[in-house]
There are 2 protein chains.
Amino acid sequence: MKFARRMSSVHRSFIREILKAAVDPGIISFAGGLPNPRFFPVRELEEATRKVLSSDGAAALQYATTEGFPPLREMIAARYAARGTRVRPEEVLILNGSQQGLDLVAKVFVDPGDVVLVESPSYLAALQCFGFFEPRFLPLFMDSDGVCVRELTAALRDAEPKLFYAIPNFQNPSGISYSRERRREAARLLAGSSTVLVEDDPYGEIRFMGEDLPSIRACISEAGSTDSSVLLGTFSKIVSPGVRLGWIVAGTEIMERLVVAKQAADLHSNELTQRIVHRYLSDNDVNAHIQRIRDAYKRQRDLMVSAVKSLFPPDVSCTEPEGGMFLWMTLPQAVSAMTFFERSLERKVTFVPGAAFFTSGGGENTLRLNFSNCDEAMIDEGMTRLARVYSQMPGA
Amino acid sequence: MKFARRMSSVHRSFIREILKAAVDPGIISFAGGLPNPRFFPVRELEEATRKVLSSDGAAALQYATTEGFPPLREMIAARYAARGTRVRPEEVLILNGSQQGLDLVAKVFVDPGDVVLVESPSYLAALQCFGFFEPRFLPLFMDSDGVCVRELTAALRDAEPKLFYAIPNFQNPSGISYSRERRREAARLLAGSSTVLVEDDPYGEIRFMGEDLPSIRACISEAGSTDSSVLLGTFSKIVSPGVRLGWIVAGTEIMERLVVAKQAADLHSNELTQRIVHRYLSDNDVNAHIQRIRDAYKRQRDLMVSAVKSLFPPDVSCTEPEGGMFLWMTLPQAVSAMTFFERSLERKVTFVPGAAFFTSGGGENTLRLNFSNCDEAMIDEGMTRLARVYSQMPGA
């Protein structure tokens with residue numbers, strides 16, 4: 001028995017291992033990336049299921065087309081239109097969570113040794129997923145307005161990258177958002193290149209401060225460029241992750257190949273939950289629902305940011321995201337976030353040490369805090385414990 | 001924009017294109033591989049959903065573990081035990097349909113150029129799925145008792161195959177089942193090799209004649225060999241395909257890698273439907289339900305077999321499967337199944353020409369007929385139309 005060569009370079013997700021370790025209900029976890037289950041529309045989904053099964057039971061339970069349930073694709077396109085982005089229903093492919101889009105895009109584009117540009121730090125499960133296709137990752141520095149233009153320019157010019165993977169809204173893990181100007185600049189650079197933009201936007205609708213900004217994909221289209229970008233979205237943060245429904249937006253040439261890859265990978269996405277979510281979105285005021293999530297997450301984010309400011313020394317900083325689910329904390333260079341993690345776990349608080357999010361080392365003094373999945377009392381208590389552990393840290 | 005090299009050798013599924021063409025409700029389709037929706041437990045699944053959401057709504061809608069819902073894995077293991085096969089729950093990984101298992105296994109094992117042994121003919125979507133990993137397919141001849149031992153022996157000895165992909169029960173497309181003796185012989189040969197068996201068993205529980213036979217995997221285990229085989233199963237044929245739930249059984253060493261691959265591909269399978277199907281299986285007599293499916297499919301199969309015998313000339317033959325969903329028809333060498341297909345479509349009956357199921361040409365005079373998804377009147381009418389078209393075929 002001999003495994004494929006690609007298996008020598010892939011590993012289990014450190015985060016998911018942490019999550020498994022942290023099932024002890026006494027632990028306060030800032031580690032995961034879980035939405036707050038308080039906002040899962042349980043009763044509404046039950047009602048939607050009843051309607052779907054009583055009106056279209058046989059169709060909902062049968063094999064279906066690879067592309068996805070047409071009315072759901074139309075609804076996704078309509079939701080983009082309402083936010084000012086032109087997307088045609090046939091440009092939408094329904095996925096088992098947007099994570100699957102990363103796998104399909106990598107399969108369609110990446111040969112071993114191809115360069116993939118990634119933000120530094122970047123989303124761990126994307127690095128893991130791309131890793132199966134044996135690319136060379138080229139990490140690009142991020143400042144508070146998004147990816148560094150100088151580095152992106154040089155990389156597009158010199159490295160012949162196949163893909164640029166970006167999360168412009170409230171990035172996981174850093175919480176950084178691209179400014180309007182930075183989006184336009186990135187779009188301009190990408191439009192003049194042969195590199196495909198993979199724009200991941202799981203949190204775009206969870207903006208609780210500031211103004212909505214266009215996707216980089218929309219900026220590329222405005223520049224009149226041919227369509228060499230894909231945009232990923234998900235129902236995980238606005239409805240529920242357990243239904244595993246996301247989507248990818250792509251033009252004809254890329255879409256054709258994505259559909260073939262999806263067909264080979266699992267034939268099609270869960271038809272029953274596609275119809276349930278479609279029914280749910282049709283029958284309920286989902287925008288009001290999203291507003292409630294935003295309001296709660298904003299309170300939780302505010303509380304966590306002010307805890308960092310008030311309970312930690314001034315040489316500890318954090319990002320102040322305008323949406324999403326994560327803060328990024330930077331400790332003084334001399335302090336090890338891994339040691340901080342181990343000691344915090346003893347006091348039953350967890351987070352994710354930042355080093356895991358970098359492809360080429362670094363970040364040993366950084367960490368990611370999730371604020372979406374804890375109520376305010378737990379954030380108070382957890383941050384107080386963290387500050388107490390921190391005060392005993394060597395180098396702090 | 002430049003696609004990966006693997007994309008030059010993959011194509012859309014011919015069958016799925018046929019299925020799309022055949023949405024005209026006037027068409028009698030023997031083309032698809034659809035279970036009969038009459039047997040979807042619509043009301044029972046509605047009831048199961050109600051229970052799951054009212055008792056564990058938040059957990060059912062949240063992110064979950066990659067391996068799958070533990071009680072469902074236990075139930076699958078228990079169902080194997082009831083049929084005499086020892087499977088531990090931790091050897092079961094829940095998938096988005098068993099098709100996903102093919103993608104994960106290929107990812108874990110296949111480097112470009114590796115040899116993959118396949119039955120000839122074989123399941124089209126498996127060939128398509130493996131194709132993304134650029135193997136060399138080595139097709140093995142099948143007789144009425146399963147894969148040809150002489151060819152398997154030679155291939156294992158000479159070709160260093162990574163995988164052997166087999167469907168021992170009521171194979172798709174041929175309807176052939178391995179005899180008990182052939183299973184043992186294949187197991188003995190595989191146990192002495194470094195080749196991994198990928199045993200696909202979507203139809204095993206839809207046996208309506210003859211006696212239940214052990215999986216090849218079970219025969220390998222009996223031979224005391226280390227665990228170098230995987231076994232795929234699915235709820236698509238006994239509950240419903242729309243819920244996209246299948247599984248793969250594997251030992252520790254392979255399972256570890258499959259879990260990493262699954263995690264990267266889509267984090268985990270739909271948690272809501274895993275719990276719904278678990279609830280459904282707990283609360284209902286699923287064995288009685290399966291027996292009803294078997295009884296109906298047997299009647300449909302009998303009708304189709306006797307139509308071939310009574311309506312076609314004696315030089316047209318078909319397999320007489322003891323279960324599953326497909327017949328395989330062989331026409332005289334001089335008759336083109338593709339021409340027969342085109343003319344039949346004009347008379348509004350479809351099937352799948354056999355050539356698509358062969359990796360290295362051949363089979364131009366063969367075709368696959370599905371008997372599960374048509375009621376008896378439609379089988380009568382469809383077979384009568386086919387026989388009429390056939391009587392006008394050149395060479396017939």
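No lab work stands behind these numbers, since they all come straight from the coordinates. As the structure is a computational prediction, the values presented were derived from the model and not from experiment. Ideal geometry is used to build each Cβ from the backbone, glycine not excepted, and the neighbour counts take in all protein chains shown.
Note on B:K51 and B:R299: the model spin-label points, each 7 Å out from Cα along the C-beta direction, lie 2.9 nm apart.
For A:M378, the label point sits 7 Å beyond Cα toward Cβ; its separations from the matching points on the remaining copies run 5.0 nm, from shortest to longest.
Note on region A:114-273: percent of Cα-Cα distances in each 5 Å bin, starting at 0 and stopping at the bin with the largest distance, equals 2, 8, 17, 22, 22, 16, 9, 4, 1, 0.
Out of all DSSP beta bridges with both ends in the protein assembly as shown, state the antiparallel percent to the nearest 5. Intermediate results must be reported in sequence, preceding the final value.
Numbers: 40 of 78 bridges.
About 50 percent, rounded to the nearest 5.
With contacts taken as Cα pairs under 8 Å and at least 6 residues apart, region B:74-192 reaches a relative contact order of 23 percent. Using a 7 Å projection from Cα along Cα-to-Cβ, the label point at B:A288 is separated from the same position in the remaining copies by 4.5 nm, smallest value first. P(r) tail for region A:211-335, what percent of Cα pairs lie past 19 Å? So the portion of pairs separated by more than 19 Å is 68 percent.
Kirkwood radius for chain A, taken over all pairs of different Cα atoms as the inverse mean of 1/r, rounds to 21.9 Å. Backbone geometry of region A:325-336 corresponds, through the Karplus equation with coefficients 6.51, -1.76 and 1.60 at θ = phi - 60°, to 3J(HN,Hα) couplings of 9, 10, 10, 10, 9, 10, 9, x, 3, 6, 9, 8 Hz, x marking Gly and Pro.
Between B:S317 and B:R343, the simple spin-label model (points 7 angstrom out along Cα→Cβ) gives 2.3 nm. Helices in chain A, meaning DSSP H runs of at least 4 residues, each add -39500 (n - 2.57). Divided by all residues, the mean residue ellipticity at 222 nm is -13500 deg cm²/dmol.
Applied to region B:263-279, the Karplus parametrisation 6.51 cos²θ - 1.76 cosθ + 1.60 on θ = phi - 60° returns per-residue 3J(HN,Hα) values of 4, 5, 6, 6, 6, 6, 7, 3, 6, 4, 6, 4, 6, 5, 5, 4, 4 Hz, with x for Gly and Pro. Each copy carries a label point for B:T339 at 7 Å from Cα along the beta-carbon vector; from one copy to the others these points are 8.2 nm apart, nearest first.
Over every Cα atom in region A:258-396, the radius of gyration and the widest Cα-Cα span, Dmax, amount to 19.6, 56 Å.
Normalised by the number of residues in chain A, the mean separation of alpha-carbon contacts (under 8 Å, six or more apart) gives a relative contact order of 23 percent.
Can you figure out the FRET efficiency of B:R150 with B:D285, using R₀ = 41 Å and their beta-carbon distance, to the nearest 0.05? The partial results should precede the final answer.
Values: r = 45 Å, r/R0 = 1.10.
The value I calculate is 0.35.
Between rounded, prolate and oblate, where does region B:331-388 land on the alpha carbon gyration tensor, with a ≥ b ≥ c its root eigenvalues, rounded for a/c under 1.5, else prolate if a/b exceeds b/c? Walk me through the intermediate numbers first.
Numbers: a/c = 2.46, a/b = 1.67, b/c = 1.47.
Judged from the Cα gyration tensor, region B:331-388 comes out prolate (a/c at least 1.5, a/b above b/c).
Calculated from the alpha-carbon coordinates, region A:91-141 shows an Rg and a Dmax of 11.3, 32 Å respectively. Each of A:M383, A:T330, A:G361 was scored by the projection of its Cα onto the charge dipole of region A:285-396, and the greatest displacement toward the positive side belongs to A:M383; charges sit on the C-beta of Lys, Arg, Asp and Glu.
Each residue of region A:239-251 was assigned a 3J(HN,Hα) from its phi angle through the Karplus curve 6.51 cos²θ - 1.76 cosθ + 1.60 (θ = phi - 60°); the sequence is 10, 5, x, x, 7, 6, 10, x, 7, 10, 9, 8, x Hz, with glycine and proline shown as x.
Taking 0.692 mPa s as the viscosity and 37 °C as the temperature, the Stokes-Einstein diffusion coefficient of region A:30-145 based on its alpha-carbon Kirkwood radius rounds to 184 µm²/s.
Compute, for region A:42-283, the length of the dipole vector about the Cα centre, with Cβ point charges of +1 (Lys, Arg) and -1 (Asp, Glu) only. Units Debye, rounded to 20. The partial results should precede the final answer.
Numbers: 26 positive and 33 negative charges, 67 e Å.
Approximately 320 debye in magnitude.
Taking a ≥ b ≥ c as the square roots of the eigenvalues of the alpha carbon gyration tensor, the protein assembly as shown is prolate, as a/c is not under 1.5 and a/b beats b/c. Contact order, relative form, for region B:284-389: 31 percent (alpha carbon pairs under 8 Å, 6 or more residues apart, mean separation divided by residue count).
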